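A short worksheet on the structure shown next.
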Amino acid sequence: MYRVICIYTQIILNGGKMKNYKSGFIAIVGRPNAGKSTLLNALLKEKIAIMSDKPNTTRNNISGILTHEDCQYVFVDTPGIHKPQQQLGRVLNKNAYSAMEDCDVIGWIVDGTQSFGTGDSFILKRIETLHKPVVLIMNKIDKLPKEQLLKRLVYWQKQHDFNDIVPISALDKDNLDELLHVFKGYLPEGEPMFPEEMKSDHDINFRMCEIVREKILFKTHEEIPHSVAVILERKEKRGNRMYLQMMVVVDRESQKGILIGKQANMIRSIRLDAQKELKDMLGCSVDLELFVRVEKNWRNHENKIKEFGLDELEQIDED
C-alpha cells in the first residue's frame, strides 16, 4: 500500500508521464546480525539505522533513499527474521515479511562466515512463496580467504536458484558499487518516489529515540536490550538549544534498577553518550533528560507494541 501511494503521488506530480528513469524498493532481509543496518548505512554514506551486535537491533522497517541521476534506490532495512519468543518478535517478523511482499527485488544478506542453518531455511521458505527476484548478498568477505570464499559461493548457489550472488564487505564498503549495479537491473522504470534530498522515510523524532536506544544496547547485557523501548515525551527548541525528555520503558522492575545503575551511573552514562551524538546530528546544544518506567511484559501486549510504534502495518493502516 505504501509503495502504491508513493508511485501514485509521483504520477500526479509529473502529469502522468514517466521518463527514462528507474526507481523501486529493495527489501534487505536476513537473520539477526547478518549486517543489514551496516549495509544500509554504508550504501547511504550516512547513519540511517542504528547498529549493535545485539540480535534484533532493528525493530522497524527503515527506508534508506539513495538518489542518482538516473535511478532512485529505496532500501528497506528490516528486522532480523527469527523464531519469535514474544508477541514483539512475531510483529517484527511481520514487518520484515511486509517489506518482502511490497518490494521489487529482495536482497537477502547472509554472513559469509556462517553455514546455511535452520534460520536460513526459514527465510528461504518465505522467499520461495513470493516469486520475486532475489539477490544473495554474501557479507563479511573481509573475514574469508579467497579459497574459502569461492567454496562458500558454490555452497550457497546449491541452496537456491538466486538471480544474482554478490560478495561484499559492508564494514569495509567493498564491492558496493557492483551491488548497486546489480540491483538497478531489477528496478522498474518510473519517476523518483521521494525528493532528491530525502535520505530516510522516518522523521527526526524517531531517529533521536533510536540513538538513545543504541546507547542502551551498547551498555547493557542479557535481557535488558531486548526489553527496552524509547519514547519521546517532550521536544522544545530555545534559541540554539534543544531540550528533550524521553521515557525508557522496560518490562520488569529489576530491569529498571539495572538500567538506572548504582547512584544512577548507568543512566547518566547513557544520557551523556546520547546527548553528544544528538548534538552532532541536530547541530545545536542538547539537554537530554531520561526517565525509566516499567510496563510489565509489554512485549507480549499488542496495544503496547502499537503504542510504541513498532507495528509497521498498523501504522500504514492508520495513515
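The values are calculated or read from the model by the stated rules, or taken from the named source; none is laboratory data. All values derive from a computational prediction rather than experimental measurement. Please note: Cβ atoms are built from the backbone with ideal geometry, for glycine as well, and neighbour counts cover all protein chains shown. These area figures cover heavy atoms from the full protein model, side chains too; ligands, DNA and RNA do not enter into them. Shrake-Rupley method; radii C 1.70, N 1.55, O 1.52, S 1.80 Å.
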Exercise for review: Before anything else, pin down the relative contact order of the chain: Cα pairs under 8 Å, at least 6 apart, normalised by residue count, whole percent.
Suggested key: 19
Point to revise | J(HN,Hα) series, the range 80-87, from Karplus relation 6.51 cos²θ - 1.76 cosθ + 1.60, nearest Hz, glycine and proline x | key: x, 6, 8, 7, x, 10, 10, 4
Exercise for review: For the chain, give the percent of accessible area contributed by carbon and sulfur heavy atoms, probe 1.4 Å, rounded to a whole number.
Suggested key: 49
Review point. How do Ser115, Ser121 rank by accessible surface area computed with a 1.4 Å probe, from largest to smallest?
Key: Ser115, Ser121
Study note, to complete from the structure: Taking placed amide H atoms and a strict 5 Å upper bound, the residues 5 or more places from His68 or on another chain that come that close are Tyr73
Study note, to complete from the structure: Relative contact order as a percentage, the range 2-184, C-alpha pairs under 8 Å and 6+ apart, gives 22
Check your understanding: Kirkwood hydrodynamic radius (Cα pairs, Å) of the range 204-318?
Key -> 14.7
Point to revise | Mean separation of Cα contacts under 8 Å (6+ apart) over length of the range 216-303, as relative contact order % | key: 33
Review point. For Lys173 and Tyr21, what does the FRET efficiency come to when R0 = 30 Å and r is the distance between their Cβ atoms, rounded to the nearest 0.05?
Key: 0.70
Check your understanding: Roughly speaking, what is the centre-to-centre gap between the range 260-315 and the range 29-51 when only Cα atoms are used, to the nearest Å?
Key -> 21
Review point. Using a Förster distance of 30 Å, how high is the FRET efficiency between Asp142 and Lys219, based on the Cβ-Cβ distance and rounded to 0.05?
Key: 0.65
Review point. For the chain, what proportion of DSSP beta bridges, expressed in % and rounded to the nearest 5, is antiparallel?
Key: 35
Exercise for review: Can you work out the accessible area per residue across the range 5-155, with the rest of the protein chains kept in place, probe 1.4 Å, in square angstrom?
Suggested key: 43
Check your understanding: So what does log10 I(q)/I(0) come out to for the range 2-184 at q = 0.08, 0.17, 0.20 Å⁻¹, using the Debye formula with one equal point on every Cα and no solvent?
Key -> -0.25, -1.10, -1.50
Revision key, fill the gap. For the range 204-318, the per residue accessible area (1.4 Å probe, Å²) is 52
Exercise for review: Output ³J(HN,Hα) for the range 123-137: one whole-Hz value per residue in order, computed from phi by the Karplus curve 6.51 cos²θ - 1.76 cosθ + 1.60 with θ = phi - 60°, and x for Gly and Pro.
Suggested key: 5, 4, 4, 5, 4, 5, 7, 9, 6, 10, x, 10, 9, 7, 9
Practice item. Please name whichever of Gln275, His221, Met247 sits farthest to the positive end of the charge dipole of the range 221-319, dipole taken about the Cα centre and charges placed at Cβ: Lys and Arg +1, Asp and Glu -1. Key: Gln275
Review point. To the nearest 20 debye, what is the magnitude of the charge dipole of the chain about its Cα centre, counting +1 on the Cβ of each Lys and Arg and -1 on the Cβ of each Asp and Glu?
Key: 1000
Review point. Which FRET efficiency value, to the nearest 0.05, do you get for Asn240 and Gln157 by plugging their Cβ-Cβ distance into 1/(1 + (r/R0)^6) with R0 = 51 Å?
Key: 0.35
Check your understanding: What are the residues whose amide H is under 5 Å from the amide H of Ser285, where those residues sit 5 or more places off or on another chain and H is modelled from the backbone?
Key -> Met242
Practice item. Return the single residue from Cys103, Cys209, Cys284 with maximal mean-square fluctuation; model: Gaussian network over the chain, springs between Cα atoms under 10 Å. Key: Cys284
Revision key, fill the gap. Unit-weight point scatterers at every alpha-carbon of the chain, Debye formula, q = 0.15 1/Å: log10 I(q)/I(0) is -1.28
